[in-house]
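The values are calculated or read from the model by the stated rules, or taken from the named source; none is laboratory data. All figures in this text were calculated on a predicted structure; none of them were measured in a lab. Every residue, glycine among them, receives a Cβ derived from its backbone with ideal geometry; neighbour counts consider all protein chains shown. Side chains included, ligands, DNA and RNA excluded: accessible areas come from the protein's heavy atoms. Shrake-Rupley method; radii C 1.70, N 1.55, O 1.52, S 1.80 Å.
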Amino acid sequence: MLELPAAFAESGLIPTTFTLLFVCFLSASCSLYMANSISRVPVTKQREYTDMEEVGGLNSDGVSHKDADQTPAASKQSSGENGVQYNHDFKAEVEFSAVFSTFWGYHPWFHVTHLLFWGCITCLNISSIVDTSQVVDTILGHCIGSWALQVGWGRQPHLVGWDARLCSDEELSQGECLPFRPILMNEEDDGTYLLTVGMLITSCAFLPMALMDLKENAGWQISGFIVLLLTSLQFVIQFAMEIFNPSSDAFAAHDASGLPEERPSWYSEEALWGKQWDDLFGVVLFNFALVIAVPAWLYEREPHVDVPTVIYGSSFLSTFLYIAIGWLGNLAVPHVSSNFLASLMSGMYGHYMQFGASVFAFFIVGLGIPLFSVLTRLNLIGESPDAPALLQRPMANVLAVYVPFGASWFLYDGHAITKLLSWGGIIFTSIVAFILPLFLALHVSKLSSDMGSVTVFGHYFTSQSAQTTMLRVLLILAFLSIALAILGNII
């Protein structure tokens, strides 16, 4: 979110806002089509009876079930032609890969989608672990300093320190006062790895949560949502106070004589239309990956919760926050840096903003770590209606929890490997969050006459032919958006 002020500065208010709204609609549509495909999964009697035996307990993988009044045994699934029962009320647990194996066959789609889903979330998870570790090290660096154990082939392990208070004002304002940057930029230290205090604290805080189930994490995710709203409100208020208070220069850049520079007008041509749009889609597109959480959420949601209302509501609320913070942050801070979060955490813009940015970074980015791990594990141990789970829970924990935490230690210094990780995230997220759900929905529409229980566009485009046309249009738009994002990263 806090990369968006730089996007507004470079690409302008109108193009950035339009892109955010467009990608928001595209992401919500993909999520709803995914939900509708899950509702069209046939549920067999054998599966119902199996679930009935497991009511009130744990399955063989140790995953908690819903209460008896929320299980497939407690209510009859919606029936279609020839007595076939469908998952219209989402009482059967159907994870991401299981949907594809149902409609496209167990081989190879069950394994291919598992690989893509695991690659997508693992890239996001490793990035979140590294980012949160750097946040903790930054907080320590501004208070008492941080330390790390530096190890490498042919070298004796030794402790190194980093103190943010030694950074220059220019480094602080540009977001370049990063943990252990002098060591990471030193060519003599290539091939070494840092195990930092921040990484240890991050692992102790979030690894146990990553081993929990989705319901056990629900309270933490609700707390994270509250923190998100409060810190976002703080950012909006402080940015607005800075913009509309002409005498304030807390966020202002200064010229060579030390005087604050005049902020550019928000209605100037450059502010409205920008000057560079190469990486706009790359910045925006991958802030929207809601679809990865949809299968697990559908099974855990309360029966009275309306699926389109929640998906559209959460998508547009996120977009509103993106626009408000991005635009106001751009107006409040001249020459805003692309690493805006590090700039806010530096203390250059006041202690209140430093505290809010630190809380935002630790809780919002950090609480994504256990969620990513839980979603990955659920997909790995999820059964297809006609096939067994890919892995049992212990091995699934290795891939979903221990691999990301272990890999993050080697990727803390992030140069070429982190660039590769970024590209992996772009490719995997593009396929999993946008392309696959639309291809699946298009395929399902040709196989089944059942229309499912989720309406994507309300009372519009309800016929089979209209749905097929809209899916093809959305696929074309998704491919174009992803192509623009990849092209922007290449140029």
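Table for the structure above
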| item | result |
| --- | --- |
| Burial order of peptide ranges 155-164, 289-298, 177-186 (average beta-carbon count within 10 Å, highest first) | 289-298, 177-186, 155-164 |
| FRET efficiency estimate (nearest 0.05) - Cβ-Cβ, A483 to A218, R0 35 angstrom | 0.40 |
| ³J(HN,Hα) computed for each position of the range 113-122 - Karplus, 6.51 cos²θ - 1.76 cosθ + 1.60, integer Hz, glycine/proline x | 5, 4, 5, 5, 5, 5, x, 4, 6, 5 |
| Relative frequency of Cα-Cα separations exceeding 20 Å in the range 153-226, percent | 56 |
| Accessible-area value, W220, 1.4 Å probe, nucleic acids and ligands omitted, Å² | 120 |
| Potential lengthening between N245 and R472 on full extension [0.36 nm per residue; Cα-Cα distance subtracted] | 76.8 nm |
| Under the Karplus curve 6.51 cos²θ - 1.76 cosθ + 1.60, θ = phi - 60°, whole-Hz ³J(HN,Hα) for the range 171-177, x wherever Gly or Pro sits | 5, 5, 5, 8, x, 9, 8 |
| Within the accessible area of the range 112-158 (1.4 Å probe), percent carbon and sulfur | 70 |
| C204 versus S168: modelled label distance in nm, points set 7 Å from Cα along the beta carbon direction | 3.6 |
| Sites V310 and H459, calculated FRET efficiency, Cβ-Cβ separation with R0 22 Å, nearest 0.05 | 0.75 |
| Phi-based couplings in Hz for the range 460-470 (Karplus 6.51, -1.76, 1.60; Gly and Pro marked x) | 9, 6, 8, 6, 4, 5, 5, 4, 4, 4, 5 |
| For peptides 203-211, 103-111, 328-336, 395-403, sequence by mean Cβ density within 10 Å, most packed first | 328-336, 395-403, 203-211, 103-111 |
| Whole-Å distance, taken between Cα centres, linking the range 291-333 and the range 465-491 | 21 |
| Distant-in-sequence amide H partners of Q85 (H built 1.01 Å from N, under 5 Å) | V43, G80 |
| 5 angstrom amide H check on T192, placed H, neighbours 5+ away | none |
| Estimated FRET transfer efficiency when R0 is 22 angstrom, pair Q156-V398 (beta carbons, to 0.05) | 0.10 |
